[in-house]
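Working notes for the structure below.
The values are calculated or read from the model by the stated rules, or taken from the named source; none is laboratory data. This one's a predicted model, so the numbers in the text were calculated from it and none came from an experiment. Because the Cβ atoms are built from the backbone with ideal geometry, glycine has one as well, and the counts that use them run over all protein chains shown. The protein model used for the area step is the full one, side chains on, heavy atoms only, and it has no ligands, DNA or RNA in it. Shrake-Rupley method; radii C 1.70, N 1.55, O 1.52, S 1.80 Å.
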Amino acid sequence: MIDANTGFIDHSQILHVLENTSPPGGGEVAEILSHALEMKGISVDETERLLMVEDDELIDEICRTANQIKSEIYGQRLVLFAPLYVSNLCNNDCLYCAFRRTNTAISRRTLSQAEIRRETENLVSQGHKRVLLVSGEGLGESALDYSIKAIDTIYDVKVGNGEIRRININIAPLSVEGFRQLKDAKIGTYQLFQETYHHDTYRKMHRSGPKADYVNHLTAMDRAMEAGIDDVGVGVLFGLADYRFEVMALLQHVRHLEERFGVGPHTISIPRIEPAEGSDVSLSPPHAVDERDFRKIISILRVSVPYTGMILSTRETAKMRRAAFSLGISQVSAGSRTNPGGYSEDDSGAQFSLGDHRSLDEVIADIAGHGYIPSFCTGCYRLGRTGADFMDLAKPGLIQLYCLPNALTTFKEYLEDYATSQTRKAGEVLIEAQLANIPSDEVRQVTVENLREIEKGKRDLYL
Ligand code: SAM
Ligand code: SF4
């Protein structure tokens with residue numbers, strides 16, 4: 001049923017579950033987890049039951065199952081990207097964000113195309129191949145034109161062997177026609193977070209500006225998909241409302257898109273609120289999520305929607321990020337700055353403070369040292385394997401057949417062109433060991449040849 005205030009998010013159903021569901025016992029949890037191991041996702045009902053679990057040992061059980069599913073479907077790959085903030089002007093008043101209109105504590109700027117080029121050159125010179133273009137919502141009528149120009153500028157940058165091969169984008173929601181223009185500009189994923197699905201909290205947190213309209217924000221993905229954007233990324237800003245409410249509502253959003261478009265979101269982002277300059281809410285979030293509950297959230301999402309990518313940003317510390325990788329995270333940002341101009345200049349005017357300040361090379365060395373394969377792959381998007389086509393591919397075994405070889409070749413490019421000697425040594429050992437996990441002799445052979453070609457200077461080889 002569609003409600004005028006809350007759209008397709010059924011608040012009374014979720015509140016009913018929260019008030020009337022008792023924590024399940026060990027037997028029931030085991031039954032749900034054995035269903036989850038079939039890797040087809042679990043029912044809404046089963047997810048709700050898992051969210052009620054409070055017993056530490058049972059939470060560990062859920063985490064172990066998530067780890068098993070993550071390893072089976074995604075192997076050891078972790079896709080890397082960096083955000084590129086282009087403007088911190090904003091007409092909205094989101095109480096948790098330093099960019100909000102009423103905050104006088106930060107200086108404001110919108111990057112010129114020349115500045116965007118310089119930022120991109122910096123990212124490419126570090127070894128990045130994927131960026132997330134991020135902007136506040138203060139550019140009014142010119143926002144779409146500006147974003148499209150920014151996309152062209154970023155794709156146009158070449159430094160040595162490097163370039164950006166996929167641009168995902170996190171900007172204000174558009175009309176169907178606006179989204180069509182964005183699609184024509186060749187974006188990868190369109191990302192937008194509902195922040196909180198809890199309507200009362202949403203109203204309190206978004207006091208004015210276009211974002212104050214809950215339903216307009218909620219239905220943005222419908223408009224994006226109507227416009228033909230296959231890959232959309234949803235998310236919750238954890239800390240605003242009860243996380244159990246948020247996860248149930250997020251899954252209602254996923255199911256809504258699946259029912260309407262035959263495919264759910266490509267990614268789910270799970271930011272937790274970080275301290276932001278001039279924001280009291282960010283310093284003491286009303287429903288702060290601790291480490292234990294954060295592990296639980298990631299694991300429950302992994303077992304509920306096994307084929308949807310999950311993104312973790314540098315808001316989290318290195319320690320928390322390592323724990324999260326094993327539970328189901330498939331994409332991470334690295335070496336990030338959250339202020340426009342931050343890769344070329346200082347870090348004033350940032351959106352929030354970061355938990356992980358390491359460089360891309362340090363993050364890669366750490367990831368590789370823990371047995372994960374850093375990947376810069378953009379193959380699916382460039383071969384048109386998006387939306388439902390991607391989901392068909394995203395079956396155990398098949399991912400290993402395409403994504404693992406592409407992870408190894410893009411990682412090899414990084415090692416050849418950008419790595420410190422220490423990272424390079426560790427990376428070569430990892431690539432050698434991981435070749436054995438490619439589940440086809442023929443594909444393994446092609447991959448070995450591609451790795452040799454990269455050593456000789458060829459670039460951008462993918463399956
Ligand atoms: N302005 C657009 C919007 O709000 O959707 C996109 C850009 S906004 C800078 C990107 C995201 O940053 C928001 O969706 C929000 O979840 C997140 N964010 C804002 N304040 C934050 C904070 N204090 N800590 C962590 N994430 C925050
Ligand atoms: Fe503006 Fe987005 Fe920050 Fe809200 S979250 S104040 S819309 S930049």
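Numbers for the structure displayed
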quantity: Among the residues listed as Ile69, Ile62, Ile106, Ile42, the single one being touching a residue at least 12 places away in the same chain (Cβ under 8 Å), open to solvent by less than 40 Å² (accessible area, probe 1.4 Å), in a loop (DSSP other than H, G, I, E, B) and more than 16 Å from ligand 1 (Cβ to nearest atom); calculated: Ile42
quantity: Whichever residue in region 193-236 is over 23 Å from Arg382 (Cα atoms) and assigned to a strand (DSSP E or B) and, among such residues, is farthest from the chain's Cα centre (by Cα); calculated: His206
quantity: Near pairs, Cβ below 8 angstrom, 6+ apart or cross-chain, from region 340-361 (at positive phi) to any residue that is modelled with pLDDT of 85 or more and exposed (fewer than 15 other Cβ atoms within 10 Å of the Cβ); calculated: Gly349/Ser107
quantity: Among (1) within 27 Å of Tyr155 (Cα to Cα); (2) at pLDDT 95 or above - the single one Asp460 does not satisfy; calculated: (2)
quantity: Long-range neighbours under 6 Å by Cβ, at least six apart or interchain, first residue under 13 Å from Ile367 (Cα atoms) within region 410-431, second among the charged types (D, E, K, R); calculated: Thr423/Asp361
quantity: Within region 215-252, tally of residues that are buried (at least 22 other Cβ atoms within 10 Å of the Cβ) and of a type in the set (Ser, Thr, Tyr); calculated: 1
quantity: Some residue of region 188-197 being within 16 Å of ligand 1 (Cβ to nearest atom), open to solvent by 30 Å² or more (accessible area, probe 1.4 Å) and touching a His at 6+ places or on another chain (Cβ under 6 Å); calculated: no
quantity: Considering residues of region 281-313 that are more than 26 Å from Ile32 (Cα to Cα) and touching a residue at least 60 places away in the same chain (Cβ under 8 Å) only, the residue surrounded by the most Cβ atoms within 10 Å (Cβ to Cβ); calculated: Ser313
quantity: Where Glu137 falls short, out of the listed (1) open to solvent by 50 Å² or more (accessible area, probe 1.4 Å); (2) within 16 Å of ligand 2 (Cβ to nearest atom); (3) of a type in the set (Asp, Glu); calculated: (1)
quantity: Where Ile167 falls short, out of the listed (1) part of a helix (DSSP H, G or I); (2) away from ligand 2 (no atom under 16 Å from the Cβ); calculated: (1)
quantity: Among the candidates Leu301, Leu327, residue that is out of contact with any strand residue (DSSP E or B) (no Cβ under 8 Å at 6 or more places or on another chain), under 24 Å from Val53 (Cβ atoms) and either of a type in the set (S, T, N, Q) or away from ligand 1 (no atom under 13 Å from the Cβ) (or both); calculated: Leu327
quantity: Every residue from region 135-181 that is over 17 Å from Phe193 (Cα atoms) and within 12 Å of ligand 1 (Cβ to nearest atom); calculated: Gly138, Leu139, Ala143, Ser147
quantity: Of all residues making up region 116-130, the number that are open to solvent by 50 Å² or more (accessible area, probe 1.4 Å) and in contact with a Pro (Cβ under 9 Å, 6 or more places away or on another chain); calculated: 0
quantity: Residue selected from region 72-103 under the condition surrounded by 22 or more Cβ atoms within 10 Å (Cβ to Cβ) and aliphatic (A, V, I, L, M), by the criterion farthest from ligand 2 (Cβ to nearest atom); calculated: Leu78
quantity: Within region 404-452, considering residues that are among the basic types (Lys, Arg) and open to solvent by 40 Å² or more (accessible area, probe 1.4 Å), the one farthest from Ser330 (Cα to Cα); calculated: Arg452
quantity: Tally of residues being under 10 Å from Ile154 (Cα atoms) and within 16 Å of ligand 1 (Cβ to nearest atom) across region 117-134; calculated: 3
quantity: Long-range neighbours under 8 Å by Cβ, at least six apart or interchain, first residue of a type in the set (Asp, Glu) within region 163-178, second away from ligand 2 (no atom under 16 Å from the Cβ); calculated: Glu163/Val124; Glu163/Lys129; Glu163/Tyr155; Glu163/Val157; Glu177/Ala227
quantity: Top-ranked residue in region 140-158 [being out of contact with any Ser or Thr (no Cβ under 6 Å at 6 or more places or on another chain) and under 28 Å from Thr423 (Cα atoms); ranked as most open to solvent (accessible area, probe 1.4 Å)]; calculated: Lys158
quantity: Residue satisfying all of: in region 199-213; buried (at least 22 other Cβ atoms within 10 Å of the Cβ) and touching a residue at least 60 places away in the same chain (Cβ under 8 Å); nearest to ligand 2 (Cβ to nearest atom) among these; calculated: Lys211
